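Report on the following structure.
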Amino acid sequence: MPIYFVYSRKSSEAEDRQILSIDSQISELKRYAVKNGVKIAAVMTEAKSAKAPGRPVFNSLMERLYRGEADGILCWKLDRLARNPVDGGAIIWAMKEHGVKIITPFQTYSQSEDNVVWMYLEFGMAQKYVDDLSKNVKRGLRAKAESGWLPGPTPLGYQNHLNGDSRKTVVRDPKRFDLVRRCWDLMLTGKHTPAEIRQIANAAWGFRTGRGTPMARSTIYNLFSNPFYHGVYEYPKGSDAWHTGRHTPMVTEEEFDTVQRLLSRSRKMPKNRKVFAFTGLIRCGGCDSAVTAEEKHQLICSRCRHKFAHRSKEVCPWCRLPIAEMKNPLELNYAYYHCTKSQNPACAELGIARKDLEQQVNRILSEVRAPMLHELWLNRSYTRLSGAREDLDMLAGVRNTFPSATPEIQRQIVTSMFSGMTLKDRTVTASLKIPFLFRERKLSSPPDQHSFGEKAVEKHVAGA
């Protein structure tokens, strides 16, 4: 008696969709097996779409067939087995190489039956069905968007509603609509940041999403930047196709524009933000964290000797003496680099003053040279770009320019010559990019890396 695997599949993984599909398929297939004397080795079921390869139960079924555990597959229709060319090809290959048979209540497919061509046609029709279905679904979603209803999940404060003619519309969420509107009201005052509004909504109002979780940080920013709330939406995303919704707007267009201006203002960097030359280029030698920079503007009170940042204050925070009444207070203005301690909060590496760091970097630059061949090319290129009549020394020009250069220029010099910088014990060390070399140090690369070029130039100069 031939032995077969029963394979039954439904397309949806949801429990409430096609709920009778698998049971009805198995009942019909068992009835067919009893009537035709087919022994069932195992019943294998799966609730997964076949439009793409990667179904775990189907893959297990094919592996067991390759091992010879059964003579073939008993299924309701061929489209239950595959709706994509990869899985369809695997089945046809198993028929040709392993003699597997595929039985449905309406047709038997095997190499001996000489109907493999018909199987190709069946699988092609199944693939065409998937392609047509995808196009029809996309067309239906576009039509829904054009009719004024947003397809898919709704933004916070709204929900999908199934009306009398079985069509989904977007309505107000009775539990959350008013709370979300209160978030907009707080933002419109201009006195709260989105993070503060999120904290108020979660803690003070007990706001919870449809999943029962507090509002996430990304959600509050998405909420305030989504034009759906004033009545319009883009569908599909990134298509620049805008539609006017038939849902109830939560805010007016003027209110939405006001919030966008507030968000833009809150996201701008301070106009007086200081630019430092080496931030992001140096690593801490103690914990490998990044090294950052700060600028301090402090005052030492003439009465209590308390040191404090004074630019935003009018009185000493310790003794309350007005700054205007202090007699010769000591003012401290300085900048320094220090470890961010992101890798190790207990890192003990000390900071270094900006002036000292710049002097150390300049000292390192004074030790840098280039192989003779490269140096000739650099000097001639530098001379030509400068418009000078006599040959100039490019590296010497860089060293002379560096101390008085702007932070942007200093950064360009360092990034063009250094491959890395480390700060440890208030001392900066650097590694160089090829082809630059240190005058007194040995490279970690092979010793004769640049010797051929240098010897060739020496020979050329000697013979000139």
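What follows is calculated from the coordinates using simple rules that are stated; it is not laboratory data. The shown structure was predicted, so the numbers you read here are calculated from the model rather than taken from an experiment. Neighbour counts are summed over all protein chains in view; Cβ atoms, including those assigned to glycine, are modelled from backbone coordinates with ideal geometry.
Annotation: peptides 80-89, 30-39, 362-371, ranked by per-residue average of other Cβ atoms within 10 Å with the highest first, follow the order 80-89, 362-371, 30-39. All C-alpha pair distances within segment 158-267, sorted into 5 Å bins from zero, spread as 2, 11, 20, 22, 20, 15, 7, 2, 1, 0 percent across the bins.
Full extension of the chain segment joining N222 with D132 gains 29.0 nm, where the gain is 0.36 nm per residue of separation less the Cα-Cα distance. Based on Cα contacts under 8 Å between residues 6+ apart, the chain shows a relative contact order of 8 percent.
Counting Cα-Cα pairs of the chain in 20 Å increments starting at 0 gives whole-percent bin shares of 15, 24, 28, 26, 7, 0. Isolated cysteines in the chain, defined as those with no second cysteine Cβ under 4.7 Å, comprise C75, C183. Among the trypsin sites (Lys or Arg not before Pro) in segment 100-173, those located in a DSSP loop and surrounded by at most 15 other Cβ atoms within 10 Å of their own Cβ are R167. For the chain, a simple Cβ point-charge model (Lys and Arg +1, Asp and Glu -1, everything else neutral) yields a dipole of about 1240 debye relative to the Cα centre. Among the listed pairs K313/K341; K77/K135; K296/K341; K48/K175, those whose Cα-Cα separation exceeds 25 Å are K313/K341; K48/K175. Taking the longest Cα principal axis of the chain as reference, the axis of helix 85-98 is set at about 60 degrees.
What is the antiparallel percent of DSSP beta bridges lying wholly in segment 3-132, to the nearest 5?
So the antiparallel bridges in segment 3-132 amount to around 20 percent.
Wrap a convex hull around the Cα atoms of segment 54-142, take a quarter of its surface area, and give that in square nanometres.
Across all orientations, segment 54-142 yields a mean hull projection of 6.3 nm².
Give me the compactness ratio for segment 367-418, meaning the Cα radius of gyration over 2.2 N^0.38 Å.
With N residues counted in segment 367-418, Rg over 2.2 N^0.38 Å equals 1.17.
If both residues of a DSSP beta bridge must be in the chain, then about 70% of such bridges are antiparallel.
Rg and Dmax over the alpha-carbon atoms of segment 12-168 stand at 19.4, 62 Å. Taking the inverse of the mean 1/r over every pair of distinct Cα atoms in segment 283-378 gives a Kirkwood hydrodynamic radius of 16.9 Å. Quick one: angle between helix 372-386 and the longest Cα principal axis of the chain, in degrees between 0 and 90, rounded to 10, please. So the helix axis and the longest Cα principal axis differ by about 80 degrees.
Taking the C-alpha atoms only, the angle from helix 116-146 to the longest principal axis of the chain is near 60 degrees.
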